[in-house]
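The values are calculated or read from the model by the stated rules, or taken from the named source; none is laboratory data. As the structure is a prediction and not an experimental result, all values here were calculated from the model. Methodologically, a virtual Cβ is constructed for each residue, glycine included, from the backbone with ideal geometry; neighbour enumeration extends over all protein chains shown. With ligands, DNA and RNA removed, areas are computed over all heavy atoms of the protein, side chains included. Shrake-Rupley method; radii C 1.70, N 1.55, O 1.52, S 1.80 Å.
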Amino acid sequence: MILEVARLLTDWFNDPVQGVAARLNSTVTRDAGEPLPAIGTIADQTRNNLVAQTKYPTTPGIAVNVRQLPLLDGNTQNVSADGIADILVRVCRSEKDSKIAARDSSYILRAIAQSWRAFNLDTRIRNQIQVYACVELAVAPNFEVEENLIHTGAVAGKLRFRDIAVP
Amino acid sequence: VATIQTDADIDFMLKDAGVPVSLGNSRTYGIFRHASEMESDGQGGFVPAHHLILTIRQGTLSGVAEDVDVLIDGTSYRVRSVLPPSRKLVRVAVAG
């Protein structure tokens with residue numbers, strides 16, 4: 001369940017048409033004179049060692065982690081195969097100028113939100129895990145590691161899914 | 001055991017063990033130390049944090065302040081924080 005949801009979303013973010021880079025290039029408009037920010041590697045915890053260790057795949061980079069997975073199995077008379085995947089998509093970059101990092105992170109977080117909303121327009125299935133609704137989507141506050149160059153931001157979301165292999 | 005007491009003692013030590021530092025026309029010497037560790041990224045994960053600390057004698061680098069660039073051993077760094085002085089020494093956190 002963790003694997004399928006994380007990979008579905010990560011593959012979507014890497015999609016050449018609907019992904020983050022594509023959104024950043026097309027539907028995220030920028031103020032005049034501001035360059036296209038580099039996004040680096042987008043990876044999830046099941047296919048990248050660093051992301052599995054809650055680090056970043058690259059700097060700059062985007063890490064997709066499933067934080068927790070409450071399962072909706074409260075009704076014993078009618079077993080539910082549904083759950084909610086709590087997902088955190090973290091963005092990091094290294095810039096001497098903090099304001100540049102904050103600016104670029106803002107554009108990238110908007111691109112992630114746009115890409116994620118497009119993901120939500122249809123059900124997505126992998127290994128019989130069906131993601132069928134997004135019940136929460138939020139951009140977290142940016143963060144600058146003290147006395148360092150690293151600047152981070154995040155988009156958090158909750159996706160409802162169903163294990164359709166459950167009889 | 002010699003005791004470092006005077007400005008000249010400190011300057012000798014910093015010149016002997018340190019690196020050249022400049023800001024505009026102001027020039028001095030300082031000890032430049034690096035330390036790396038994993039720190040919270042504020043989002044539930046971790047990032048490698050590189051702490052760069054320059055130690056100079058107080059009053060020897062005119063204009064040193066947050067958000068200015070200093071040249072340390074030939075490389076430009078941005079001052080993040082000027083930490084409160086300890087006796088005659090000032091520690092400056094830089095990034096670059």
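Here are the numbers for this structure:
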{"read-out": "Anisotropy class of chain B from Cα gyration tensor, a/c 1.5 cut", "value": "prolate"}
{"read-out": "Sum of -39500 (n - 2.57) over DSSP H runs of 4+, divided by residues of chain A (222 nm, nearest 500)", "value": "-8000 deg cm²/dmol"}
{"read-out": "Summed buried accessible area for A+B [probe radius 1.4 Å, Å², rounded to 100]", "value": "1700 Å²"}
{"read-out": "Percent carbon-and-sulfur accessible area, the protein assembly as shown, ignoring ligands, DNA and RNA, probe 1.4 Å", "value": "51 percent"}
{"read-out": "Principal-axis tilt of helix B:7-17 within chain B, Cα atoms, nearest 10 degrees", "value": "50 degrees"}
{"read-out": "Rg/Rh ratio calculated on Cα atoms of chain A (Kirkwood radius)", "value": "1.01"}
{"read-out": "Occluded residues from segment B:45-75, i.e. those whose accessible area drops by 10 Å² or more once the chain is not alone (1.4 Å probe)", "value": "B:Gly45, B:Phe46, B:Val47, B:Pro48, B:Ala49, B:His50, B:His51"}
{"read-out": "Cα-Cα over 31 Å, subset of A:Lys96/B:Lys15; A:Lys55/A:Lys96; A:Lys55/A:Lys158; A:Lys99/B:Lys15", "value": "A:Lys99/B:Lys15"}
{"read-out": "Within chain B, trypsin sites (Lys or Arg not before Pro) in DSSP loop having at most 12 other beta-carbon neighbours inside 10 Å", "value": "B:Arg87"}
{"read-out": "Sites matching trypsin sites (Lys or Arg not before Pro) across segment A:1-60 that sit in DSSP coil, with at most 16 neighbouring C-beta atoms within 10 Å", "value": "A:Arg30, A:Arg47"}
{"read-out": "Integer Hz, Karplus 6.51/-1.76/1.60 couplings in order for segment A:58-70, x for Gly and Pro", "value": "8, 10, x, x, 10, 10, 10, 10, 8, 7, 8, 9, x"}
{"read-out": "Table column - 3J(HN,Hα) (Hz), segment B:19-29, Karplus curve with 6.51, -1.76, 1.60, x for Gly and Pro", "value": "10, x, 10, 9, 8, x, 8, 8, 9, 7, 10"}
{"read-out": "Sparsely packed trypsin sites (Lys or Arg not before Pro) within segment A:64-157, loop by DSSP, other Cβ within 10 Å at most 15", "value": "A:Lys96"}
